[in-house]
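Written out below as structure tokens is the structure these notes cover.
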Amino acid sequence: MTPSPCTSALDRRQFLVAGLAGGAAALSGCATPLMRGQSPEADAPAEVKQLELVGDLTRPFGLNWLKIESVALVTNLPNTGSDPPAGDARERLKTEMMTHQIRDADKVLASPTTSLVLCTAYLPPAVQKGDTFDVQVRVPARSETTSLRGGWLMQTRLRQIAMLGGSVHDGSVDGLAQGDLTVDAVFDGTDDKVLQTRARVLGGGISAITRQLGLAIAKDGASVRMSTLIGSAINNRFHTFDAGVKKGVAVPKRDNYIELAVSPRYKHNLARYLRVVRNIILRESPVERVERLQLLEKKLQEPATAPLAALQLEALGNEGIPALRIGSGSNDPEVRFYAAEALAYLDQAEAAGPLGQAARDEPAFRWHALTALASMTHVSALDALNELLHAPSVETRYGAFRAMRIRNAADPATKGELLDKKFRYHVIPTTGEPLVHIARSRMPEIVVFGHEQRIRPPKFLFAGREIMVTTLENGELKVGRFQAGQDTHYETCPPELDKLIRTIVKLGGGYADVIQCLQEARKAGCLEARLAVEALPKPNRKFYREDDPLPEAPPDDGEPNPPATDGVAQASAETPAGEIRRAATPAPELFTDGLEAAKTRQRTRDESRATPGEGYIAPQYTQPKPGLFDRLNPLAKPKPSVQ
């Protein structure tokens, strides 16, 4: 007897799933199986209803970085300024000076102690009114200013600026900025003339606006009912507090738009927050929920499918914790990391150990692991970060320090002090090698790892143009400040790094002066500690499994960061064995240098034009592309890209 087509299909299916779905297949006739071929989910339910995610119907809105600019005035220059040439920039600055009640604008501009400068800053998505940001300052192309060293940026109002009809048009005030300038040449330890005319005001900008984040509903699915349904699904998972009152984060505003507040735990990882929100199921029955949990638990155990499975379990909230706990104990480093990362955002103590290990041992996961630890309130996270302060890696130590500061700025271990209202200064006990770290973003900050670090007697060191350090016969350091027309003032101190820094500040030295002294001490071989500038964890690093070829020369993590990238390569389920992967979760904002990242954003913007009216969207905010397993799995419906 010739078998019917249906019987042949049944035989083929029973063979491919190795008999595990045979019973279900017999009942369903020619029904399509869940999977064909071998997979970790071969024993999952044969028929599962395709479920709809928030991300299937929405796309994030408000993710563009706002570029804000101004023409401003720098004062207090040591005769290195210049009278700006006639032109639009000069007239705009004079108009701005009039609004600040500055008389005789032309006379002020002609002084060699002042300079016209161009200011640029970037407001990130979801910035809140009062948040601080860095400001980039540079002299115009035709300026005769030779250096901005020692300058003070007068208060300036930053706006969005556009060229329309051949003329400059600006909008309302989006930010204010003022403060001490630190020229790029100081950070690099050079006398480069170009770098002398470029500077930063670290944390000198203050946002004047709150930027709203939202979800736009696809046109073909927009309705009041759908907007309400999506908002309800999100609010069942996330909430925030307003004046002590618990409120959902999603507020349906229109039939096609939902305003989205940021859950506090994700403040420094907005990209992950959006991924988790978009992986929330709109509606499912209790039976479907149980089946999905079983399937996600199995997917979490496979490195190729673990990233998305962890995000979806995180989106479930407390119900996903048991499966994630199992994953965090896996022998596979990728599975263990992704499970622990999701547990951290659920504030579970079990996350701290694996994340601390990942931050210490695996550079590809370090950025993400430290950010996740910073999001936790559980004391286990503090213990893990404390241990990392002694790690061999320079970037791990400073990264852990910054994570501790973000987690709790009042923590006595990392609180430090504000030296003469000029910069933050911290001395951190450590069993690691002596280290001095200089910040180049967010705020002027010097962190000394190790007590009682000594300075080898120098012939002389300069701390700016007016302060010089020499050595007395008894070995003590003599610090003098020379000012034209005034008596020289001297101070002596023991040859200890901490005492030297404090003495320079006592004599009027600022952040740039201390940095210059440290750079010269390092070059002269007088500094016992290692000196690092902006040695932060880096995104988009490669992860090497045991069967992957290792790089010939791993990068030195103590050197300053290269320009940060906004995106991160996604590990696909189709990645063959032995291929190098990267962390398959989006890069958090905690360690991002906004001004450096702007270069990458500009390049990407040029290559991929933004959606009209919405602005550029960084790749880190897009949904991951589905892999082979996800395309075959009815539970993981392919998601449209937000670009």
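The values are calculated or read from the model by the stated rules, or taken from the named source; none is laboratory data. Just so you know, these numbers come straight off a predicted model, no measurement behind them. Methodologically, a virtual Cβ is constructed for each residue, glycine included, from the backbone with ideal geometry; neighbour enumeration extends over all protein chains shown.
In the stretch 218-260, what residues are aromatic (Phe, Trp, Tyr) and touching a residue at least 60 places away in the same chain (Cβ under 8 Å)? Please lay out each step first, then the result.
Restricting attention to the stretch 218-260, the residues satisfying the condition of being aromatic (Phe, Trp, Tyr) are 238, 241, 257.
Result: Tyr257, single match.
Taking the stated definitions as given, is Ala374 over 23 Å from Lys542 (Cβ atoms) and under 23 Å from the mean Cα position of the chain (by Cα)?
The answer is yes for Ala374.
What is the one condition in (1) within 32 Å of the chain's Cα centre (by Cα); (2) part of a helix (DSSP H, G or I) that Leu500 does not satisfy?
(1)
Residues are listed down the side, and each one gets a yes or a no for (1) within 21 Å of Pro264 (Cβ to Cβ); (2) touching an Asp or Glu at 6+ places or on another chain (Cβ under 6 Å); (3) not in a strand (DSSP E or B):
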residue	(1), (2), (3)
Ala344	yes, no, yes
Ala351	yes, no, yes
Leu382	yes, no, yes
Ala413	no, no, yes
Glu433	no, no, yes
His437	no, no, no
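Would it be correct to say that Glu334 is at pLDDT below 95, more than 22 Å from the chain's Cα centre (by Cα), part of a helix (DSSP H, G or I) and buried (at least 19 other Cβ atoms within 10 Å of the Cβ)?
Numbers: at pLDDT below 95: yes; more than 22 Å from the chain's Cα centre (by Cα): no; part of a helix (DSSP H, G or I): yes; buried (at least 19 other Cβ atoms within 10 Å of the Cβ): yes.
It is false that Glu334 is at pLDDT below 95, more than 22 Å from the chain's Cα centre (by Cα), part of a helix (DSSP H, G or I) and buried (at least 19 other Cβ atoms within 10 Å of the Cβ).
What are the residue pairs meeting all of these: first residue in the stretch 469-482, first residue in the same structural domain as Pro457 (by TED's automatic domain parsing) and at positive phi, second residue assigned to a strand (DSSP E or B) and surrounded by 15 or more Cβ atoms within 10 Å (Cβ to Cβ), Cβ atoms under 9 Å, and 6 or more apart or on different chains?
Close Cβ pairs satisfying both conditions: none exist.
What do you reckon, is Thr431 over 20 Å from Asp184 (Cα atoms) and not assigned by TED's automatic domain parsing to the domain that holds Leu507? Let's see the steps before the verdict.
Values: over 20 Å from Asp184 (Cα atoms): yes; not assigned by TED's automatic domain parsing to the domain that holds Leu507: yes.
Judged against the criteria, Thr431 is a match.
Evaluate the stretch 154-164: report whether one residue or more is under 28 Å from Gly62 (Cβ atoms), surrounded by fewer than 21 Cβ atoms within 10 Å (Cβ to Cβ) and touching a helix residue (DSSP H, G or I) at 6+ places or on another chain (Cβ under 9 Å).
For the stretch 154-164, residues under 28 Å from Gly62 (Cβ atoms), surrounded by fewer than 21 Cβ atoms within 10 Å (Cβ to Cβ) and touching a helix residue (DSSP H, G or I) at 6+ places or on another chain (Cβ under 9 Å): present.
Could we say that Leu202 is on the phi < 0 side of the Ramachandran plot and buried (at least 19 other Cβ atoms within 10 Å of the Cβ) here? Break it down stepwise before answering.
Numbers: on the phi < 0 side of the Ramachandran plot: yes; buried (at least 19 other Cβ atoms within 10 Å of the Cβ): yes.
The answer is yes for Leu202.
Please go through the stretch 348-401 and give me each residue that is touching a residue at least 40 places away in the same chain (Cβ under 8 Å) and of a type in the set (Ser, Thr, Tyr), ordered by number.
Thr371, Ser375, Ser393, Thr396, Tyr398 - these are the residues of the stretch 348-401 that are touching a residue at least 40 places away in the same chain (Cβ under 8 Å) and of a type in the set (Ser, Thr, Tyr).
Can you name the residue in the stretch 224-242 that is modelled with pLDDT of 90 or more and of a type in the set (S, T, N, Q) and, of all such residues, is surrounded by the fewest Cβ atoms within 10 Å (Cβ to Cβ)?
Here the answer is Asn236.
Would you check which residues across the stretch 354-377 are surrounded by fewer than 22 Cβ atoms within 10 Å (Cβ to Cβ), touching a helix residue (DSSP H, G or I) at 6+ places or on another chain (Cβ under 7 Å) and assigned to a helix (DSSP H, G or I) and list them?
Within the stretch 354-377, just Arg360 meets the criteria.
Any chance the stretch 471-481 includes a residue that's in a loop (DSSP other than H, G, I, E, B) and touching a Ser or Thr at 6+ places or on another chain (Cβ under 6 Å)?
Initially, the stretch 471-481 is screened for residues in a loop (DSSP other than H, G, I, E, B), giving 472-476.
This time we only want the ones that are touching a Ser or Thr at 6+ places or on another chain (Cβ under 6 Å), so: 476.
The answer is yes; a qualifying residue exists.
For the stretch 415-431, how many residues are on the phi < 0 side of the Ramachandran plot, in a loop (DSSP other than H, G, I, E, B) and basic (Lys, Arg)?
Of the residues in that region, 2 qualify.
Can you work out which of the residues in the stretch 140-157 that are touching a Leu at 6+ places or on another chain (Cβ under 7 Å) and among the aliphatic types (A, V, I, L, M) is nearest to Asp180 (Cα to Cα)?
Leu153
Out of all the residues in the stretch 272-287, is one or more over 30 Å from Gly231 (Cβ atoms) and touching a residue at least 24 places away in the same chain (Cβ under 8 Å)?
Narrowing the stretch 272-287 to residues over 30 Å from Gly231 (Cβ atoms): none.
No; the residues of the stretch 272-287 include none that is over 30 Å from Gly231 (Cβ atoms) and touching a residue at least 24 places away in the same chain (Cβ under 8 Å).
Mind listing just one residue for me: the one in the stretch 56-77 that is small (Gly, Ala, Ser) and at pLDDT 90 or above and, of those, nearest to the chain's Cα centre (by Cα)?
Initial filter on the stretch 56-77 (small (Gly, Ala, Ser)): 62, 70, 72.
This time we only want the ones that are at pLDDT 90 or above, so: 70, 72.
Working: Ser70: 25, Ala72: 28 Å.
Of everything passing the filter in the stretch 56-77, Ser70 is nearest to the chain's Cα centre (by Cα).
Does Ala199 qualify as being of a type in the set (A, V, I, L, M, F, W, C) and more than 24 Å from the chain's Cα centre (by Cα)?
It is false that Ala199 is of a type in the set (A, V, I, L, M, F, W, C) and more than 24 Å from the chain's Cα centre (by Cα).
Cβ-Cβ distance below 7 Å, separation of 6 or more or different chains: which pairs start in the stretch 330-347 with a residue that is more than 15 Å from Glu297 (Cα to Cα) and touching a residue at least 12 places away in the same chain (Cβ under 8 Å) and end on one that is assigned to a helix (DSSP H, G or I) and of a type in the set (D, E, K, R)?
Between residues of the stretch 330-347 that are more than 15 Å from Glu297 (Cα to Cα) and touching a residue at least 12 places away in the same chain (Cβ under 8 Å) and residues that are assigned to a helix (DSSP H, G or I) and of a type in the set (D, E, K, R), the close pairs are Tyr345/Arg265; Tyr345/Glu314; Leu346/Glu314.
Filter the stretch 360-371 down to residues that are within 15 Å of the chain's Cα centre (by Cα) and farther than 18 Å from Val262 by Cα, then give me how many there are. It would help to see each step written out before you state the result.
Of all residues in the stretch 360-371, those within 15 Å of the chain's Cα centre (by Cα) come to 364-371.
Next cut, farther than 18 Å from Val262 by Cα only: 364-370.
Summing the residues that are within 15 Å of the chain's Cα centre (by Cα) and farther than 18 Å from Val262 by Cα in the stretch 360-371 gives 7.
Arg402 versus (1) buried (at least 22 other Cβ atoms within 10 Å of the Cβ); (2) of a type in the set (D, E, K, R); (3) over 20 Å from the mean Cα position of the chain (by Cα): which is the lone unmet condition?
Every condition holds for Arg402 apart from (3).
Residue by residue through the stretch 454-469, note down the ones that are outside any loop (DSSP other than H, G, I, E, B) and exposed (fewer than 15 other Cβ atoms within 10 Å of the Cβ).
Within the stretch 454-469, just Phe462 meets the criteria.
When only residues in the stretch 291-331 that are among the acidic types (Asp, Glu) and touching a helix residue (DSSP H, G or I) at 6+ places or on another chain (Cβ under 9 Å) count, which is surrounded by the most Cβ atoms within 10 Å (Cβ to Cβ)? Give the derivation first.
Kept after step one, since they are among the acidic types (Asp, Glu), are these residues of the stretch 291-331: 291, 297, 302, 314, 319.
With touching a helix residue (DSSP H, G or I) at 6+ places or on another chain (Cβ under 9 Å) added as a condition, the list becomes 297, 302, 314, 319.
Values: Glu297: 19, Glu302: 17, Glu314: 25, Glu319: 13.
Taking the candidates together, the pick is Glu314.
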